[in-house]
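A quick write-up on the structure given underneath.
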Amino acid sequence: MTALPTRRHLLALAAAALAATALPAAADTWPSKTVRIIVPFAPGGGADSSARVLADLLAPQLGQSVIVENRPGAGSAIGVTAAAQSKDGHTLLMGSNSMVINPSLNPSISYDVARDFDAVGMVSAQPLVLVVPASSPVRSVADLVAQGKAKPGQLTAGNSGNGTLAHLASEIFAGETGVSLTPVPYKGESALMPDLLGALVSLGFLNLPSVAPHIKAGKLRALAVSSPQPMADLPGVPTLRSLGYPSLEVQGWAALLAPKGTIPEAGLNRLETLLAQALASDTVKTRFAALNVAPVIQNRQATAQFLKTEGARYAAVIKARGIKLD
């Protein structure tokens, strides 16, 4: 005869049944506490500002506080790694280009974007501007290529750090045009700017907010932009794609992600919907315009594929150009 279950066994079965029925409810009611967005950069930059705009809009929709936590360092690797290792179920990451570039530059990087993160959606995009000093005789990209070929090895490309998007853009340009460029890394765009203005370096691929005041003041000349379409803020400046360089459609971007498996599917779907609604709002359009970034609405699946494609793209550039960290 089969033994009757003990009281302890019955309690265990009841607890298991309760846990099983609680899972859908927990998924439906996510979040249950404060949501944290890790920004792997110092306060004040584009990713940080975008995260704070979204935090303000998402908090009332989620019914919980949304805070931004800055974890800068190692070209964003510190913050990205911290997010990947977070298991509290209420952590998000404001990711950027560097998170998919770093693994190809640094073998010690422990995270894998596809393995360690669930994509929520894209957030924003910001093109680079190819600029030269106003004192340069170069008036167009064609002039720049002609000068580079006439005087091999004399063009220097200032960038905001080895392995940054600005550096990779110049390497792609060199590969596409056959022009020899000597990369000159600086500790950020602000450190580069005096030498660029003083024509100590020949050119740079830089973010619009950094160069716009100097273009307006006549101290820098914009030759082209890396966006898919021309920029209203730079009338008459062509896109690199329109000049025959589609591979130079290189943009800084931000995307919202969650550590893999930490947020229920229903929670991710809810976040995806609320993020798209926020990005379509007039509030975000206005506040992002002030940051010189454009909102980008893209679903979870398309964002995950985009991250994979971007990682493969820059891995190929890094390998082909023999780029290594200092």
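The values are calculated or read from the model by the stated rules, or taken from the named source; none is laboratory data. This is a predicted model, so every value here is computed, not measured. Note that we place each Cβ from the backbone using ideal geometry, even for glycine, and neighbour counts take in every protein chain shown. Accessible surface is based on the protein model in full, side chains and every heavy atom, while ligands, DNA and RNA are left aside. Shrake-Rupley method; radii C 1.70, N 1.55, O 1.52, S 1.80 Å.
Does Pro209 satisfy the condition of being within 21 Å of Ser136 (Cα to Cα), open to solvent by 50 Å² or more (accessible area, probe 1.4 Å), under 24 Å from the mean Cα position of the chain (by Cα) and not aliphatic (A, V, I, L, M)? Steps first, please.
Details: within 21 Å of Ser136 (Cα to Cα): no; open to solvent by 50 Å² or more (accessible area, probe 1.4 Å): yes; under 24 Å from the mean Cα position of the chain (by Cα): yes; not aliphatic (A, V, I, L, M): yes.
When the stated conditions are applied, Pro209 does not pass them.
Which condition number does Leu192 fail, the rest of (1) open to solvent by less than 20 Å² (accessible area, probe 1.4 Å); (2) touching a residue at least 40 places away in the same chain (Cβ under 8 Å); (3) hydrophobic (A, V, I, L, M, F, W, C) being met?
(2)
Determine which member of the set Thr262, Thr283 is more than 16 Å from the chain's Cα centre (by Cα), closer than 19 Å to Ala119 by Cα, open to solvent by 20 Å² or more (accessible area, probe 1.4 Å) and of a type in the set (Val, Ile, Thr).
Values: Thr283 fails: closer than 19 Å to Ala119 by Cα.
Matching residue, one of Thr262, Thr283: Thr262.
Only one of (1) open to solvent by 60 Å² or more (accessible area, probe 1.4 Å); (2) farther than 16 Å from Ala169 by Cβ; (3) free of Cβ contacts under 8 Å to residues at least 24 places away in the same chain is not met by Gly322, so which one is it?
It is condition (1) that Gly322 fails.
Counting residues that are open to solvent by less than 10 Å² (accessible area, probe 1.4 Å) and touching a residue at least 24 places away in the same chain (Cβ under 8 Å), which helices (runs of 4 or more DSSP H) fully inside the stretch 95-167 reach at least 1? Show your work before the answer.
On the way: elements: 97-105, 113-116, 141-150.
Passing ranges, in order: 97-105, 141-150.
Go through the stretch 285-300 residue by residue and tally those that are more than 24 Å from Ala169 (Cβ to Cβ) and in contact (Cβ under 8 Å) with a residue 12 or more places away in the chain.
Our first condition is that a residue be more than 24 Å from Ala169 (Cβ to Cβ); within the stretch 285-300, this holds for 285-287, 290, 297, 299-300.
In the following step, the residues that additionally are in contact (Cβ under 8 Å) with a residue 12 or more places away in the chain were identified as 287, 297, 299-300.
Selection size over the stretch 285-300: 4.
For Gly244, work out the one condition from (1) in contact (Cβ under 8 Å) with a residue 24 or more places away in the chain; (2) more than 23 Å from Ser76 (Cβ to Cβ); (3) in a loop (DSSP other than H, G, I, E, B) it doesn't fulfil.
Looking at each condition in turn, Gly244 falls short on (1).
Filter the stretch 131-174 down to the residues that are under 20 Å from Ile215 (Cα atoms), under 22 Å from the mean Cα position of the chain (by Cα) and polar (S, T, N, Q) and list them by number.
Correct list: Asn159, Ser160, Ser170.
Give me the pairs: first residue in the stretch 259-284 and modelled with pLDDT of 95 or more, second residue in a strand (DSSP E or B) and open to solvent by 40 Å² or more (accessible area, probe 1.4 Å), beta-carbon distance under 8 Å, and six or more apart or on different chains, which are they?
Leu279/Pro295; Ala280/Pro295; Val284/Pro295
Just one of the numbered conditions (1) of a type outside the set (S, T, N, Q); (2) in contact (Cβ under 8 Å) with a residue 12 or more places away in the chain; (3) in contact with a helix residue (DSSP H, G or I) (Cβ under 8 Å, 6 or more places away or on another chain) is not true of Gly89; which one?
(3)
Give the residues of the stretch 168-189 that are in a helix (DSSP H, G or I) and buried (at least 17 other Cβ atoms within 10 Å of the Cβ), sorted by residue number.
So the first thing to find is which residues in the stretch 168-189 are in a helix (DSSP H, G or I), and the list is 168-177, 189.
Result: Leu168, Ala169, Ser170, Glu171, Ile172, Phe173, Ala174, Thr177, Glu189.
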